[in-house]
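Working notes, beginning with the structure itself.
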Amino acid sequence: MLDFPNAKINLGLYITEKRPDGFHNLQSCFYPVRWCDALEVVPAEKLQFGMTGLPVPGNPDSNLCLKAYNLLQQDYNLPPVHLHLHKVIPMGAGLGGGSSDASFTLRLLSQLFELNLPADTLESYARQLGSDCAFFVQNKPVIATERGDVFEQIDLNLSGYTCVVVYPGLHITTAEAYGSIKPQKATCDMPMLLKQDVEVWREVLKNDFEEALFPKYPELPQLKEKLYGSGAAYASMTGSGSAVYGIFKEAPAGLVFPAHYAVWQGLL
Ligand SMILES: C[C@@](CO)(OP(=O)(O)O)[C@H](O)COP(=O)(O)OP(=O)(O)OC[C@H]1O[C@@H](n2ccc(N)nc2=O)[C@H](O)[C@@H]1O
Ligand SMILES: Nc1ncnc2c1ncn2[C@@H]1O[C@H](COP(=O)(O)OP(=O)(O)O)[C@@H](O)[C@H]1O
């Protein structure tokens, strides 16, 4: 079976408090974007994992796809499979690519072996793999709270807008980003903010990581300003960075970035 794990962007991201377990509570709208990896799962004589495309840091044995397989294997005694991941989504970008691969692995295994696991069961497995993973089970716009893995559905439809996502090649680890942030109690009413026109978000919808990271990485505010200068209705860093995105009513023409940047443009 073959599927295409997509990425996500964060529309607003507020880090509200540090938890006793060392994680942080947050409030953010997670929105899927179609910058995709490719993932194939087929039954095999023995467990194998292959990768092509962008090199994934770390030991292949600790890849999130394998972690996802092993999680289900323990409970459902799954037969061996051959997993192949073609990596396209930049990593350490705030795009949730690895988390998406993990959840798509859970989904594909449930389909392939007809486990028929309901979404909430898959989400509980996904939570064990990372804070971002559970979102990709249902993969629909939500407002996330707690560790970013408790969801409230939101009726937000940005279809028709063009999104440009730019990864400048700065690998900011999630731990580094959280380590440089001062949590603040949520003051904004996110569902109300998101009901307003995209053009209004610029002054009201913030990513708390920007204040912490922009002074250290001046390339990021420059990138955000470039997107606004090119006509973006709204622009922001996503997640803990370093990717920055712009949302445009009309597809921008002639956007040029340094050759080492990774850029995706498409309809939301
Ligand atoms: C920042 C966010 C916002 O969407 O996304 P990304 O930038 O990764 O896309 C997420 O919270 C990233 O979630 P994820 O990347 O899965 O993080 P995890 O692997 O669960 O945790 C990595 C480390 O980040 C910190 N962490 C993560 C999530 C959270 N709610 N509080 C934290 O303090 C912890 O130090 C943790 O050890
Ligand atoms: N299948 C995978 N794809 C990407 N990263 C993975 C994967 N498995 C494990 N990782 C590890 O997870 C880290 C974070 O990946 P990712 O979720 O893409 O970052 P972010 O959410 O910040 O964009 C990577 O640097 C890599 O070391």
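Summary table below
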{"read-out": "Amide H within-cut-off set for I154, under 5 Å, with H built and near neighbours excluded", "value": "I143"}
{"read-out": "Magnitude of the charge dipole, the chain, Cβ model with Lys/Arg +1 and Asp/Glu -1, debye to 20", "value": "380"}
{"read-out": "Whether segment 162-267 is rounded, prolate or oblate, judged on the alpha carbon gyration tensor where a/c under 1.5 counts as rounded", "value": "oblate"}
{"read-out": "Cα-Cα over 22 Å, subset of K182/K249; K140/K195; K18/K87; K87/K216; K8/K206; K182/K216", "value": "K182/K249; K18/K87; K87/K216"}
{"read-out": "Reachable aspartates and glutamates, given that their alpha-carbon falls under 15 Å from the alpha-carbon of K185 and they are not under 8 places away in the same chain", "value": "E17, E146, D208"}
{"read-out": "Local net charge near D189, Cβ-Cβ under 14 Å (Lys/Arg +1, Asp/Glu -1)", "value": "+2"}
{"read-out": "Heavy-atom accessible surface of the chain: percent carbon and sulfur, 1.4 Å", "value": "52"}
{"read-out": "Among V204, V81, V137: highest mean-square fluctuation, GNM of the chain, C-alpha pairs under 10 Å", "value": "V204"}
{"read-out": "Cα centre as origin, Lys/Arg/Asp/Glu Cβ charges: segment 47-154 dipole, Debye", "value": "260"}
{"read-out": "Rounded if a/c under 1.5, otherwise prolate or oblate - the chain, Cα gyration tensor axes", "value": "prolate"}
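The values are calculated or read from the model by the stated rules, or taken from the named source; none is laboratory data. This structure is a prediction, so every number in the text was calculated from the model and none was measured. Glycine also receives a Cβ, built like all others from the backbone with ideal geometry; neighbour counts cover every protein chain displayed. For the accessible areas, the whole protein counts, side chains as well, though only heavy atoms, and no ligand, DNA or RNA atoms are used. Shrake-Rupley method; radii C 1.70, N 1.55, O 1.52, S 1.80 Å.
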